[in-house]
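Asks: Right, I'll just put the structure down here and ask away after.
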Amino acid sequence: MTWLLDYYNYRIVAQYLGRFAEGLSNTLTAAGVSLVLSLLLGTFVALALLSNRMGLRKPVEGYVAFIRATPLLVQIYLVYYGLPALLPFAKSWNDMYFGIAALTLNSAPYMGEIIRAGIESIPRGQIEGAKAVGMNYGQRMRYVVLPQAFANTLPPLIGQTAVLIKDTSLLSIITVFEFTSAGILLNSERVRPNESFLTIALGYLLIYLVILLLSRGVKQWLAGPAWNAQG
Amino acid sequence: MIERYWSITSSLLPFLWKGFLETLYVSLVAIVAGSLIGAVIGLVRSQRVPLLTGLFGLYIHALRGTPFLVQLYVFYFVLPNTGISWLSWDSRTAAFVALSVYTSSYVAEIVKAAIEAVPRGQSEAATALGMTRLQRLWYVVIPQALKLTVPPMSGVYVMIIKSTAILSVVGISELTRQGEVSILRFPRDVLFIYGLIAFIYFLYCYPVLRFARWAERRVGAARTVDLD
């Protein structure tokens, strides 16, 4: 195994294992919290995009267009420098909070588009049937549309989650100590690019594989019950 | 207030314009080079060539499963470190190659899906006419698949433009980097300058997004449902 040490000295990686673990846990925290928050905000975005109220729909459309047409890195900078100016209480936030805020604002429109497409995929007859039995808008949403939309949106939402996890790597630029930062730290202290960057690449790849398997499992699971009943 | 912002804008505009030209240049190189590599890989994968299909599958998963920032670091730090002389490139080459390779992984999947979406009967009819595999692809399948690639390719183009911002990390003088340098001149107007940068990206990306939406409607009609 000594020949391997020239190319990839796993002993150095082992010395930094604690830092890598710390980074990984911050990456998963940032991604997990942003996922929950962006699903909440995304559901609101989806409902606003489907709304007939111009006063609600137009501003949300503008927000979605802005997020989709500007780079995440610039959005992160805008949140990092803009939020403390906008909200006085954000001045005492640590970098992680800004990272989560930026990722949530970035991810919500994409989640929202997926949820909106899921809602639109519900056959008309389902909604008409719910109207016919006297359900109001809230009831139709809660009991008829959203449960079915959930099944249609789960696979693409998992895909978007994979994107979200990869996007957390940009938080290293605003000095959040996440997984990529651990690699950068190793490289700056030891100048070993292979051990630094191949290790984190492999780590992200493993996370991606877990999500890929999860996504396949979910697709198989959803193909079971009568989700695809004709309207 | 407005006068102040106007004077900042007018004094920075030539500098930011240079950055925008670099962003434009990198994104064009990446979409062209990435499409060429991606088209070949997607074509090979759609034909289920033994060994190559699996090998390219690994290539695609490796590129889609890791953040572009990490890939950039690999191209910038790891590859020149291998000791192979032609890989010891400068930061600009590393950035261009990294973005093109990243792009190719998305293009490959689009091309594969488009080829597979052309109805089987088309290819079978061509077989019945005595066409060889290459003739079937070139004269029958690819012309029809090409149309299907337009909406997703526009999406990839927007993604590339947005990814070029990450190249600022390795010192490429594109729009975001020029913005960071501008902040050294006007340290009190960080927010305004990033807002200006965001606006310039918006002007570049938004028309492409609108085109993508239009093309999507042309290729496959969207369904609508009223909820009220």
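Asks: Being touching a residue at least 40 places away in the same chain (Cβ under 8 Å) and hydrophobic (A, V, I, L, M, F, W, C) is the filter here, so list the residues in segment B:143-163 that pass it.
Replies: B:Leu148, B:Val150, B:Met153, B:Val156, B:Val158, B:Met159, B:Ile160, B:Ile161
Asks: With respect to the numbered conditions (1) among the β-branched types (Val, Ile, Thr); (2) within 13 Å of chain B (Cβ to nearest Cβ); (3) within 30 Å of A:Ala102 (Cα to Cα), which one is the sole condition not fulfilled by A:Val144?
Replies: So the condition that A:Val144 fails would be (3).
Asks: Quick test of your reading of the structure: A:Ala149 fulfils all but one of (1) more than 10 Å from chain B (Cβ to nearest Cβ); (2) touching a residue at least 40 places away in the same chain (Cβ under 8 Å). Name the failing condition by number.
Replies: (2)
Asks: Here are some residues: B:Ser105, B:Ser91. Which one is of a type in the set (S, T, N, Q), surrounded by 21 or more Cβ atoms within 10 Å (Cβ to Cβ) and farther than 21 Å from B:Gln144 by Cα?
Replies: B:Ser105
Asks: Shifting gears a bit: Identify, from the list B:Leu16, B:Leu72, B:Leu24, B:Leu12, the residue that is surrounded by 13 or more Cβ atoms within 10 Å (Cβ to Cβ), in contact (Cβ under 8 Å) with a residue 24 or more places away in the chain and in contact with a Ser or Thr (Cβ under 6 Å, 6 or more places away or on another chain).
Replies: B:Leu12
Asks: Among the candidates A:Ile184, A:Ile165, A:Ile173, A:Ile158, single out the residue that is more than 11 Å from chain B (Cβ to nearest Cβ) and part of a helix (DSSP H, G or I).
Replies: The match here is A:Ile158.
Asks: Would you confirm whether any residue within segment A:203-219 is at pLDDT 95 or above, over 17 Å from the mean Cα position of the chain (by Cα) and either crowded, with 16+ Cβ neighbours inside 10 Å or not in a helix (DSSP H, G or I) (or both)?
Replies: Yes, because at least one residue in segment A:203-219 is at pLDDT 95 or above, over 17 Å from the mean Cα position of the chain (by Cα) and either crowded, with 16+ Cβ neighbours inside 10 Å or not in a helix (DSSP H, G or I) (or both).
Asks: Quick check: is even one residue across segment A:60-69 at pLDDT 95 or above and outside any helix (DSSP H, G or I)?
Replies: yes
Asks: Turning to a different aspect of this structure: Taking segment B:1-44 as the search range and keeping residues that are of a type in the set (D, E, K, R) and at pLDDT 95 or above, which one is farthest from B:Met153 (Cα to Cα)?
Replies: B:Lys18
Asks: Still on this model: Within segment A:116-141, which residues are within 11 Å of chain B (Cβ to nearest Cβ) and part of a loop (DSSP other than H, G, I, E, B)?
Replies: If the condition is that a residue be within 11 Å of chain B (Cβ to nearest Cβ) and part of a loop (DSSP other than H, G, I, E, B), then A:Ser121, A:Ile122, A:Pro123, A:Asn136 are the ones that fit.
Asks: If the requirement is being within 24 Å of the chain's Cα centre (by Cα), over 30 Å from A:Leu171 (Cβ atoms) and crowded, with 18+ Cβ neighbours inside 10 Å, which of these qualifies: B:Ala98, B:Ala114?
Replies: It is B:Ala114.
Asks: Now for a different question. Taking into account only those residues within segment B:164-186 that are within 11 Å of chain A (Cβ to nearest Cβ) and without any contact (Cβ under 8 Å) to a residue 24 or more places away in the chain, which is nearest to A:Ile184 (Cα to Cα)?
Replies: Only one residue fits best here, namely B:Ser168.
Asks: Looking at A:Gly23, A:Gly42, A:Gly55, A:Gly99, which is the one that is outside any loop (DSSP other than H, G, I, E, B) and surrounded by fewer than 21 Cβ atoms within 10 Å (Cβ to Cβ)?
Replies: The match here is A:Gly55.
Asks: Would you confirm whether any residue within segment B:174-182 is in contact with a Gly (Cβ under 6 Å, 6 or more places away or on another chain), at pLDDT 95 or above and of a type in the set (Val, Ile, Thr)?
Replies: no
Asks: Continuing with this model, one more query. Please go through segment A:158-196 and give me each residue that is more than 24 Å from A:Tyr77 (Cα to Cα) and either of a type in the set (Val, Ile, Thr) or free of Cβ contacts under 8 Å to residues at least 40 places away in the same chain (or both), ordered by number.
Replies: A:Ile158, A:Asn187, A:Glu189, A:Val191, A:Pro193, A:Ser196
Asks: Say whether the condition of being hydrophobic (A, V, I, L, M, F, W, C), within 13 Å of another protein chain (Cβ to nearest Cβ), in a helix (DSSP H, G or I) and within 18 Å of the chain's Cα centre (by Cα) is met by at least one residue in segment A:26-37.
Replies: Looking for residues that are hydrophobic (A, V, I, L, M, F, W, C), within 13 Å of another protein chain (Cβ to nearest Cβ), in a helix (DSSP H, G or I) and within 18 Å of the chain's Cα centre (by Cα), one finds at least one in segment A:26-37, hence yes.
Asks: Looking only at helices (runs of 4 or more DSSP H) that lie completely in segment B:78-189, which have at least 2 residues being under 30 Å from A:Pro84 (Cα atoms) and of a type in the set (Lys, Arg)?
Replies: The qualifying helices (runs of 4 or more DSSP H) are B:175-185.
Asks: Please find, within segment A:79-96, the residue that is nearest to the chain's Cα centre (by Cα) out of those that are within 11 Å of another protein chain (Cβ to nearest Cβ) and crowded, with 16+ Cβ neighbours inside 10 Å.
Replies: Going through the qualifying residues, I end up with A:Val79.
The values are calculated or read from the model by the stated rules, or taken from the named source; none is laboratory data. Everything numeric here is computed off the predicted structure, so don't read it as measured data. Methodologically, a virtual Cβ is constructed for each residue, glycine included, from the backbone with ideal geometry; neighbour enumeration extends over all protein chains shown.
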